[in-house]
Each structure stands twice: as structure tokens, then as C-alpha cells.
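Please read the structure below before turning to the comments.
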Amino acid sequence: MTEPQIILGGDVGRHNSDFDGARTRLAKGGTYKDLSTVCIVPTRGQIPALVVEAWMGLMTPMNQKFVRLFVSGMEVGAAYSAAIEMILGHPELSRWKYVLTLEEDNVPPPDGLLRLYEAIEGSDYDAVGGLYWTKGEEGQPMIYGDPGEPLNFVPQMPKPESVQECYGLGMGFTLFRLELFRDERLGRPLFETVQRFDPVTGVQAYTQDLHFFERARKLGHRVACDTRVRVGHFDPTTGIVW
């Protein structure tokens, strides 16, 4: 049984009481701005339950446009390229602001997307990704290349709780400005997995992500990893989340 109370009323609420603090929080998160987002998910057709459970808990801003596009059965670079071209040619989706890439073995935290919005809004970055590691005991952080050095894709040492600029990212949980893909200088296809030999330049071997980010950086586009957003990397063969 609750204790008797004398209720006087007039309580304006915690957020109204700390009006300046509430305004600062909203400005930092940017949730009052247009955050319309198309989420692209390339898939082989079956997504592990552990991953789906995490996706179901992913928070999106209140009353903002958010839709998922699943691309099944295509090579990953071709899947991303096809989805982006579809978005750019769509009468409604082409007017949206962001693209989130999400892969079927990545386990983002519930507030991960909100933090990516916070990191990219008001910044000069064209893409910001969550921090995840390559699979295995010797896993490396997928924060590629130190901008203080010539263009390279050597994994960086993660800086705790920071938005860390780099040359390249994975695409397992990465937020892009849709405007980036309108840069015709990037060429087509936008995403391509490359394995070829040229007698002049030698062997070229790129995953679709780093092949894209190399071209983007050479054109002056900037990207970063938000190390506050810790993303698991699920290996379905072992059941381990790296």
C-alpha cells in the first residue's frame, strides 16, 4: 500500500525543468532534423536468429522515415550497387537523406543507429560506421588507414569513445549520406569486388567496401568510425560473436 501524499501539482516535468539541458541533448542527437534512412541488407536468404533479435531491438528516431531493402542471392558488391541505383532512381526514396548498410552477420547495439546520426549530423563526414572486428582470435579492428599518413588500409588502433577518422570502413553497420552516391566521379558500378592482374600495376585485390572508399577518399570524401558503437560480428559456423 502506498503512503498518503499531499499533491500540490504544478510539476512541469524533468525535461522542462532542465530546459537548456534538454535543448542541448536534442541538438546533439539531431533527432528533430530530417533523418530519413533506407537500410540496405544484402543476404544469402537466411539470417541467424541471434542477428535478427538484435535488429528487432534497433532504435530508430520517433516519427522518422525508415525502411529496409533486402537484396537476396546477389554478390555483395553487386547487391549494394543495385540497391543504391534503385534508390537514386526512385521518386520518393531518392529524396531521403541517409543509407544504412547492414549485413547478416552483424549485431549492432540498440542505440547504435542513434549514435551514428549523432556522429554524422553537423560533421564533414560522408559516412560513419560502427566498430566491429574481423572474425577469429587475431581479429583486427575495421578502421582502415590513418589520415595522417599516405592513403593506406592498415587497421588503426581504436580510440575509445570517439569518432575516429580513417580511410576506409567495413559496411556491416555504416551510415552514408545518400548525397555521396550522386558524385558521378565515383564511376559505376559503385561497389565492386576486385580480383585482377594488370601487367603495369600488378595484382589488385579489394573487397567492395575498400575499393569504394579508396575512390571516395581520392575525391576528397571523408569517413570515420564511431568507436562508441560496438558491433558484434557473428560467425554462424562456430556460434561465436567476435
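Nothing in this text is a laboratory measurement; each read-out follows from the coordinates by a stated rule. Here the structure is a predicted model, which is why all the values come from computation and not from measurement. Virtual Cβ from ideal backbone geometry, glycine too; neighbours counted across all protein chains shown.
How tilted is helix 76-88 with respect to the longest principal axis of the chain? Cα atoms for both, answer in degrees (0 to 90, nearest 10). Here the helix axis deviates by roughly 60 degrees. If each Cα of region 96-155 is one equal point scatterer, what is log10 of I(q)/I(0) from the Debye formula at q = 0.20, 0.25 Å⁻¹? For region 96-155 at q = 0.20, 0.25 Å⁻¹, log10 I(q)/I(0) is -1.00, -1.22.
Electrostatic tally near LYS28: other residues with Cβ closer than 10 Å to its Cβ, Lys and Arg +1, Asp and Glu -1, net 0. Please give the Cα centre distance for region 37-116 versus region 128-174, rounded to the nearest Å. Between the Cα centres of region 37-116 and region 128-174 lies a distance of 20 Å.
Placing pseudo-labels 7 Å out from each Cα toward the beta carbon at ARG177 and SER162 gives an inter-label distance of 2.3 nm.
Assuming charge only on the beta carbon of Lys and Arg (+1) and of Asp and Glu (-1), the dipole of region 33-241 about its Cα centre is about 420 debye to the nearest 20. Shape analysis of region 33-241 based on the Cα gyration tensor places the equivalent ellipsoid semi-axes at 23, 21, 19 Å, largest first. Segment GLU184..ALA49, full-extension length gain: 44.7 nm, with 0.36 nm per residue of separation and the alpha-carbon distance subtracted.
Just name one of VAL76, VAL52, VAL99: the one whose Cα is farthest towards the positive end of the charge dipole of region 49-115 (beta-carbon charges, Lys/Arg +1, Asp/Glu -1). Working it through, the farthest residue towards the positive pole turns out to be VAL99. Extension gain for LYS28-GLU85 works out to 17.4 nm (0.36 nm per residue, less the C-alpha to C-alpha distance). Listed cross-link partners LYS28/LYS65; LYS33/LYS218; LYS135/LYS218; LYS28/LYS159 are compared with a 27 Å cut-off, the Cα-Cα value being larger for LYS33/LYS218; LYS135/LYS218.
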